[in-house]
Amino acid sequence: MKVVVQRLPESDPDVPLPNYATAGAAGADLRANFPAHRREGVELQPMDRALIPTGLAMALPEGWEMQVRPRSGLALKAGLTLVNSPGTVDADYRGEVGVLLINLGSEPVRIAHGDRIAQAVFAPVTRAVFSFADALPPTPRGTGGFGSTGST
Ligand SMILES: O=c1ccn([C@H]2C[C@H](O)[C@@H](COP(=O)(O)OP(=O)(O)OP(=O)(O)O)O2)c(=O)[nH]1
């Protein structure tokens, strides 16, 4: 599928576009691309969160979404993940793609300009058509949930 990408005016054109690290990768790595006055990056203290810019806006084909997901290596090594995982980028969004990082680790984590901070996975969107009913079709489970079948 084709995704049209716009580099935003204050972004650094030397930061590569999202790319797939291997031939079979499902996610394309997204990089931090700070505007000129913030190229020093940011340091996230434990439990700090920050919206990290990618310097990019995108036009996805209608009927598709882009999911912004954590990178497992950063999660394991540094406790770095996304506050809103997976982030949802709508096909009609034309603003800058941002990555909402949070440091769940016990040490400060530095996010440098150009770092690979998350990955983008594209998925088709199925939209629901909602309708009301007085009762729902019965099932063996019924209204049981939240551990009603046991915890192990
Ligand atoms: O990780 C993310 C999540 C969202 N967005 C952008 C694209 C998305 O289309 C828009 C809105 O996201 P979402 O619908 O999740 O946020 P909302 O809080 O419901 O905001 P809105 O009222 O703008 O829909 O923000 C990102 O850049 N990165």
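The values are calculated or read from the model by the stated rules, or taken from the named source; none is laboratory data. Quantities reported herein were computed from a predicted structural model and do not represent experimental measurements. Because the Cβ atoms are built from the backbone with ideal geometry, glycine has one as well, and the counts that use them run over all protein chains shown. The accessibility values were calculated without ligands, DNA or RNA, using every heavy atom of the protein model including side chains. Shrake-Rupley method; radii C 1.70, N 1.55, O 1.52, S 1.80 Å.
Points to keep in mind about this one:
- Rolling a 1.4 Å probe over the heavy atoms of the protein chains gives region 1-89 an accessible area of 57 Å² per residue.
- Binning the alpha carbon pair distances of region 12-117 at 10 angstrom intervals from zero yields the distribution 15, 46, 33, 5, 0, expressed in whole percent.
- Apportionment of accessible area to carbon and sulfur, region 51-92, percent (1.4 Å): 53 percent
- Sparsely packed loop sites in region 66-131 (the chymotrypsin sites (Phe, Trp or Tyr not before Pro) outside DSSP H, G, I, E and B with at most 10 other Cβ atoms within 10 Å) comprise 130.
- Loop trypsin sites (Lys or Arg not before Pro), region 1-66, which have at most 14 other Cβ atoms in a 10 Å radius of their Cβ (DSSP): 2, 39
- Loop-located GluC sites (Glu not before Pro) in region 26-96 (DSSP state other than H, G, I, E, B) with a sparse environment of at most 14 neighbouring Cβ atoms within 10 Å: 40, 62.
- Placing R0 at 25 angstrom, the Cβ-Cβ distance between residue 10 and residue 122 gives a FRET efficiency of 0.45 after rounding to 0.05.
- Using Cβ point charges alone (K and R +1, D and E -1), the dipole size of the chain about the Cα centre works out to roughly 300 debye.
- Expressed as a whole percent, the accessible surface of region 111-152 that belongs to carbon and sulfur atoms is 59, based on a 1.4 Å probe.
- Contact order for region 1-147, expressed relative to its length and based on alpha carbon pairs under 8 Å spaced 6+ residues apart, stands at 30 percent.
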